[in-house]
Amino acid sequence: MHTETHLIVGPGALGRLVALHLAEPVSVVLAGRRPLPARQTLTTPEGERRTHRLDMADVRALPAMAPSFIHLTTKAYASEAAYASLFEQLPATTPLVLWQNGYQVQPELSRRHPGPVLCASTTEGAWVANDGAVVHAGRGMTYIGDLAHRHAELSQRLAGILDRAGLAARAVDDIATRLWHKLVINAVINPLTARFRIRNGQLRDPPFRSMVERLVNEIAPILSAEDIEPPDAGWHALVWRVVEGTAHNRASMLQDVLTGRPLEREAILQPLMVAAVRHGLATPFLAELDRDLARLSPS
Ligand SMILES: NC(=O)c1ccc[n+]([C@@H]2O[C@H](COP(=O)([O-])OP(=O)(O)OC[C@H]3O[C@@H](n4cnc5c(N)ncnc54)[C@H](OP(=O)(O)O)[C@@H]3O)[C@@H](O)[C@H]2O)c1
């Protein structure tokens, strides 16, 4: 008998990956906005298939419950609607865990949510095969922390649960820095690969190589003006290391372009552009890419 329940909201790639792991050490309810089969199959990075029955729920009509954590695993642009329907039904003091990329949902909901808000920055990789199957494409690391430095113990508790569930996790006291570092990687790789429909590794070749350099040169001063600690090896090395390590991958934004889904453009580019305006920094190339992506994203 499990002693605690985790509610996971947003039954896509990441939500199902987290649900199918957490279902071992805790009780899990997976909530979405359309019905999905309770039998869900996870294909591990080693190619093994594991099937579990999950408790599914409609996010607009949740069962009576008092979850220990609510994990929000929607895309950033869907988080507002999901959050609104959740807290019409559940105690507003329930700890909320935000798994989104970018840096838009995190400061906004950390400010608004009355309970503790933890942020997860993960390099796990997953994609949806169909309504009953998710593929764990590559193992990574998940960092957990809160922006206000008030919930170190809760972060450690959650990192311990994720770790026991088979998702390597660690509580950290610099989650904002980690979210910004990931945002920089996403802000360079995602727009360029989506705009030109190329795999990550093609960014190493002309004419894209100089575009990467130009974008990093535009972004680095924004982070410096925001007092975000740069990575030890510098911004250029950070971006090129990820391009190298993911050379065969299609970035998530490119996959969204190819399948006609909305892009996480605002959550990734807007925080940079807003900060640039605040510090009087010009961002012509970022702005150009943002306009291009706005045309590619269905409204
Ligand atoms: N996938 C990864 O490997 C990965 C890795 C690191 C970070 N992330 C980040 O994690 C977040 C989720 O990404 P993802 O790849 O899992 O996206 P995804 O596969 O598109 O999943 C999003 C899920 O949210 C659901 N949803 C949308 N609106 C909802 C609402 N109002 N209430 C409840 N559920 C709702 C969607 O349902 P419908 O099917 O009905 O639209 C979908 O099941 C993103 O911010 C992404 O950047 C993902």
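The values are calculated or read from the model by the stated rules, or taken from the named source; none is laboratory data. Being a predicted model, the structure only gives us computed values, none of them experimental. Neighbour counts are summed over all protein chains in view; Cβ atoms, including those assigned to glycine, are modelled from backbone coordinates with ideal geometry. In case anyone asks, the SASA skips ligands and DNA or RNA and just uses the protein heavy atoms, side chains included. Shrake-Rupley method; radii C 1.70, N 1.55, O 1.52, S 1.80 Å.
Cα centroid distance between the stretch 182-250 and the stretch 106-159, in Å?
Measuring centre to centre over Cα atoms gives 23 Å.
Give me P(r) over the stretch 175-298, computed from all C-alpha to C-alpha distances, binned every 10 Å, as integer percentages.
Once binned at 10 Å, the Cα pair distances of the stretch 175-298 give 13, 48, 34, 4.
Per DSSP helix of 4 or more residues, -39500 (n - 2.57); summed, then divided by the residues of the chain. What does that give at 222 nm, rounded to the nearest 500?
The helix contribution divided over the chain gives -13000 deg cm²/dmol.
How many times 2.2 N^0.38 Å is the alpha carbon radius of gyration of the chain?
Working: Rg = 18.9 Å, N = 299, 2.2 N^0.38 = 19.2 Å.
After normalising by residue count via 2.2 N^0.38 Å, the value is 0.98.
What is the ratio of the Cα radius of gyration of the stretch 5-173 to 2.2 N^0.38 Å, where N is its residue count, to two decimals?
0.95
Students often check this: by mean Cβ neighbours within 10 Å, which of 205-211, 220-226 ranks highest, and how do the rest follow? It would help to have the intermediate numbers written out before the result.
Numbers: 205-211: 11.6, 220-226: 16.7.
In descending order of packing, they fall as 220-226, 205-211.
Calculated FRET efficiency, HIS149 and ASP232, Cβ-Cβ r, R0 30 Å, to nearest 0.05?
The computed FRET efficiency comes out at 0.85.
Run the 1.4 Å probe and let me know the accessible area of HIS151, rounded to the nearest 10 Å².
Counting only protein heavy atoms, the figure is 40 Å².
Would you work out what percent of the accessible area of the stretch 5-173, with all protein chains in place, is carbon or sulfur (probe 1.4 Å)?
49 percent
In nm, to one decimal, how far is the ARG34 label point from the MET141 one, both placed 7 Å along Cα→Cβ?
3.7 nm
For ALA282 and ASP173, calculate 0.36 nm times their separation in residues minus their Cα-Cα distance, and state this gained length in nm to one decimal.
Answer, rounded to one decimal: 36.1 nm.
Roughly speaking, what is the stretch gain from THR3 to HIS52, that is 0.36 nm per residue apart minus the C-alpha to C-alpha distance, in nm to one decimal?
Value of the extension gain: 15.7 nm.
Once you list every other residue whose beta carbon is under 15 Å from the beta carbon of VAL135, what net charge do they have if Lys and Arg are +1 and Asp and Glu are -1?
Summing Lys/Arg as +1 and Asp/Glu as -1 gives +1.
Apply 1/(1 + (r/R0)^6) to the Cβ-Cβ distance of ARG214 and ALA64, taking R0 = 45 Å, and write down the FRET efficiency to the nearest 0.05.
After rounding, the FRET efficiency stands at 0.25.
With charges only on Cβ, +1 for K and R and -1 for D and E, what is the dipole size of the chain about its Cα centre, in debye, rounded to 20?
The calculation lands at about 760 debye.
So if I place +1 on the C-beta of Lys and Arg and -1 on the C-beta of Asp and Glu, and nothing else carries charge, what would the dipole magnitude of the stretch 243-299 be about its Cα centre? I want it in debye, nearest 20.
Numbers: 6 positive and 7 negative charges, 22 e Å.
Around 100 debye, computed over the stretch 243-299.
Given the Cα-Cα distance of ALA81 and THR259 and 0.36 nm per residue of separation, how much length would full extension add, in nm?
Full extension of this stretch gives 61.9 nm more.
Just how large is the dipole of the stretch 177-296 about the Cα centre, in debye to the nearest 20, putting +1 at every Lys and Arg Cβ and -1 at every Asp and Glu Cβ?
Charge dipole, the stretch 177-296, about its Cα centre: 460 debye, nearest 20.
What does the charge add up to near LEU269, with Lys and Arg as +1, Asp and Glu as -1, over the other residues with Cβ less than 13 Å from its Cβ? Walk me through the intermediate numbers first.
On the way: positive: ARG195, ARG265, ARG291; negative: GLU218, GLU264, GLU266, GLU288, ASP290, ASP292.
For residues surrounding LEU269, the net value is -3.
Provide the FRET efficiency to the nearest 0.05 for the ASP131-GLN156 pair, computing r from the beta carbons and using R0 = 30 Å.
0.30
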